[in-house]
1. If you stretched the chain out fully between B:R153 and B:N390, how much longer would it get, using 0.36 nm times the residue separation minus the C-alpha to C-alpha distance?
2. So how tilted is helix A:377-401 from the main axis of chain A? Cα-based, degrees 0 to 90, rounded to 10.
3. Quick one: what are the phi-derived ³J(HN,Hα) couplings along segment A:332-348, Karplus 6.51/-1.76/1.60 with θ = phi - 60°, whole Hz, x for glycine and proline?
4. Under a point spin-label approximation (7 Å from Cα along Cα-to-Cβ), what is the B:E285-A:N75 distance to one decimal in nm?
5. Shortest first and in nm with one decimal, please list how far the B:G250 label point sits from its counterparts in the other copies (point 7 Å along Cα→Cβ).
6. Taking the full set of protein chains and a 1.4 angstrom probe, give the accessible area of B:M213 in square angstrom, rounded to the nearest 10.
7. Using a 7 Å offset from the Cα along the Cα-to-Cβ direction at both B:H96 and B:N300, what is the distance between the two label points in nm, to one decimal?
8. Tell me the distances, shortest first, between B:E412 and the same position across the other copies, using label points 7 Å along Cα→Cβ, in nm to one decimal.
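The values are calculated or read from the model by the stated rules, or taken from the named source; none is laboratory data. Everything numeric in this text was worked out from a predicted model, so none of it was measured. Glycine also receives a Cβ, built like all others from the backbone with ideal geometry; neighbour counts cover every protein chain displayed. Quick note on the areas: whole protein, heavy atoms, side chains included, nothing else; ligands and nucleic acids left out. Shrake-Rupley method; radii C 1.70, N 1.55, O 1.52, S 1.80 Å.
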2 protein chains.
Amino acid sequence: MAEESTTLPSKENFSEWYNEMLWRAEIMDVRYPVKGLYVWYPHGFSLRRSTYNILRELLDRDHEETLFPLLIPENEFMKEAEHIKGFEEEVYWVTHGGTTELDVKLALRPTSETAIYPMYSLWVRSHADLPLKLYQIVNTFRYETKHTRPLIRLREITSFKEAHTVHATWDDAKKQVEDAILLYKEFYDRICVPIIFSKRPEWDKFPGADYTMAADAIMPDGRTLQVGTVHHLGDNFSKTFDLKYEDENGEQKPAFQTCYGISERCIAALISIHGDNKGLVLPPEVAPVQIAIVPIITKNSAEEVLKSAKELEGELKSAGFRVKLDARELRPGAKYYHWEMRGVPLRVEIGPRDLENGVIMTVNRFGEKTPVKREDVLSGINNQLELFRNALKQKASDTIKGKIHSVSSFEEAKEVVEKGVAVVQWCGCKECADIIEENLDVSVLGNEIRSEYIKEENGNCIICGKPSKPALVARSY
Amino acid sequence: MAEESTTLPSKENFSEWYNEMLWRAEIMDVRYPVKGLYVWYPHGFSLRRSTYNILRELLDRDHEETLFPLLIPENEFMKEAEHIKGFEEEVYWVTHGGTTELDVKLALRPTSETAIYPMYSLWVRSHADLPLKLYQIVNTFRYETKHTRPLIRLREITSFKEAHTVHATWDDAKKQVEDAILLYKEFYDRICVPIIFSKRPEWDKFPGADYTMAADAIMPDGRTLQVGTVHHLGDNFSKTFDLKYEDENGEQKPAFQTCYGISERCIAALISIHGDNKGLVLPPEVAPVQIAIVPIITKNSAEEVLKSAKELEGELKSAGFRVKLDARELRPGAKYYHWEMRGVPLRVEIGPRDLENGVIMTVNRFGEKTPVKREDVLSGINNQLELFRNALKQKASDTIKGKIHSVSSFEEAKEVVEKGVAVVQWCGCKECADIIEENLDVSVLGNEIRSEYIKEENGNCIICGKPSKPALVARSY
């Protein structure tokens, strides 16, 4: 549906590149007539489907999927004081059904704690019901007043995966926070996106949580994108919503809870981190088309080459690959451009000479050519996709390493945050964070860092000199 | 999460049975604090997932999945006059974001024509873009003032699959209507639910359509449930939303459209039609648990039997079955009850004697026992599930046949509609339909019937005596 065009802005101009990329690779259409709402093109949605299938697969190991209503009555929504404060300016309200004014206003869920926990309080009776671990994948809504941006800052988050768990003790819930962090790490590893977890400062935690661990990806312009959060809710919500259980001794006890979420920002991250000046670059596991077959046709070979290309397509399809034979009447170059833009990991070229030699030519999205014997085509292609995946992962890993720098002075930090993330010694107090944030025009994302890219070495706060831990400091989306 | 209990109301009292069934088999929780909104239990959602996977599989053959926003601005929503008339009393309106009143009110989609077609008018340029066939699976909203009922009459339809197609000619769109009917028949065949298609009367068609074909299932109480609709939209919407294409001769022409939908009523139908006095009865393809293994343990055999049951569970899982080993410390009878309530198609019992004899005992949901050799367990179980599926389908088919009767008089019709569907000669005019509907307290669902269960024989209208076609007449949900 998007039109072909010859120039994509350089990825150096990230914001421009990102916007162009989204419609040229047919991910999102931004022309929907309401600010902050966007339309998924089929190609984009297919990428979303494969990506969320991974998330489902990982969660299904020990969670169950469920579905709660979108509309939350005002009285339930208003029960948890901290929670309201966090969301009151962002909630969309339904006030009318037809021409009738509703007795009770209904909130479009900005997140589902207040829809789910009243039901949990009916469901959980005894310690035998715990732990309870459910998730849902739903649309949620925020009346964003800031600048909106497709997949990143939305008024309708179309693809919010939220998990909500209930446990017998604070420590069990803490253990679940750690499990969720591992699960999210595994998810992002599958889509080759490096992330860094850290503990958000008190003033930046989820409204109603004891503490929040958040995952950040680093975008090409050096700004961080929060791509997942895990909250320890303590017994804050369970007290509000009367979520109790009977323990082994017959005593009623308040339950402890966690919740954790990932939105379509995961798609924004994977597009932004892997893409290049030719378009999308997609990990094979989530690519809507994994292999594009381009027949190289000369005057006398058309029939034979096309027949062979069709056979190959059938064989690859049967083996479970997502494959497209591009038999359009276009120059091969135009086809290469088309599939490169859409991020297809592997292109296969078949021409008359290849038929003679019993080989096909594979070209991965980095442009690397490898001939594969026609008779070993399945293992050959599997192998090429696997090598490509590893190369993509290595590239992303090298890139993030180049964007993170430990600094020991303000001056160094200032330079680093222009292009990436500064690891700064920070004591943990609000006053010092304010000084850092104001002077560098950044956010102090958090400490207690969980990352293979960053060594956890304690030191002294660069502001007050008190004993401190390393903290992530960056401009953020 | 639902508690066990010893009695389920008889299916003779269908309405009571249905309500009890939903929570006892853990399909829906009706205790959510807003009328007409319900919560999917994980077990219900798993059934929904398998069922919608079939729908996706069928659509993916020649449609693409996509996703459009939930919120529709008032000005777009109000463009198509007939459409507004049909929905104006049913639409939920968002009027506020936070404490701010919105400039333009936003409708929660009751269906997505007015969200999708403005975008289609940007996407379709030439005949080469046609046909365009997309679908989405989304939540939609209706401010129902009638009695609401889980899965059947909802304020949030959580699982609306809507397809929207664009074609070059009226006839192409008509062909698509026929294709959609076949697709829906295949879908309902897969879940063993017999349906009857008919053409809805003019006054009952979709607001803005040229005509509407609808699928009805017959519920145990003899009332029909509309479980799918296919609409020929002509060029009504395309004129409103300026959806044109350039034909081969370079001329601008209005496009023609269809749309067709299925909601979670498909789950209501499958639960209601297959279930019995012991609980759910599920077709193997959609059953959340296909096989429940119940070890029959005696004093001296516990260890050996459990080991063997675990091995069997592992083997069946590896083969792709959804299987649960029920090793709880409960009497076997309590376990049978538990799994029967949840509709598990096949139970496998393993006891010490079975181990000696090298067999396992399979018991299908109809209570039929068949021993299967342990060494041939995979093919044996596959076979049993297939036989069960066929028996279930046959049973549903026999049941619907018993509920449909061609009648030639008012008196006959009156008797038939107490328990099922009357096939009545009707000329097609509103006046005669009104007389039939008022006197029998029924709906005239439609004529031009597509059903293997009903012969299409023309005759004379039972009211006015004019030449007529057979029509479906029934009480309906």
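1. Values: separation 237, 0.36 × 237 = 85.32 nm, distance 3.04 nm.
Using 0.36 nm per residue and subtracting the Cα-Cα distance, I get 82.3 nm.
2. Helix A:377-401 sits roughly 50 degrees off the main axis of chain A.
3. Residue by residue, segment A:332-348 yields x, x, 5, 5, 4, 4, 4, 7, 5, 4, 8, x, 4, x, 9, 9, 10 Hz.
4. Computed distance between label sites B:E285 and A:N75 equals 4.5 nm.
5. Values, ascending and in nm: 9.2.
6. 0
7. Result for the modelled spin labels: 7.6 nm.
8. Counterpart label points of B:E412 in the remaining copies fall at 9.5 nm.
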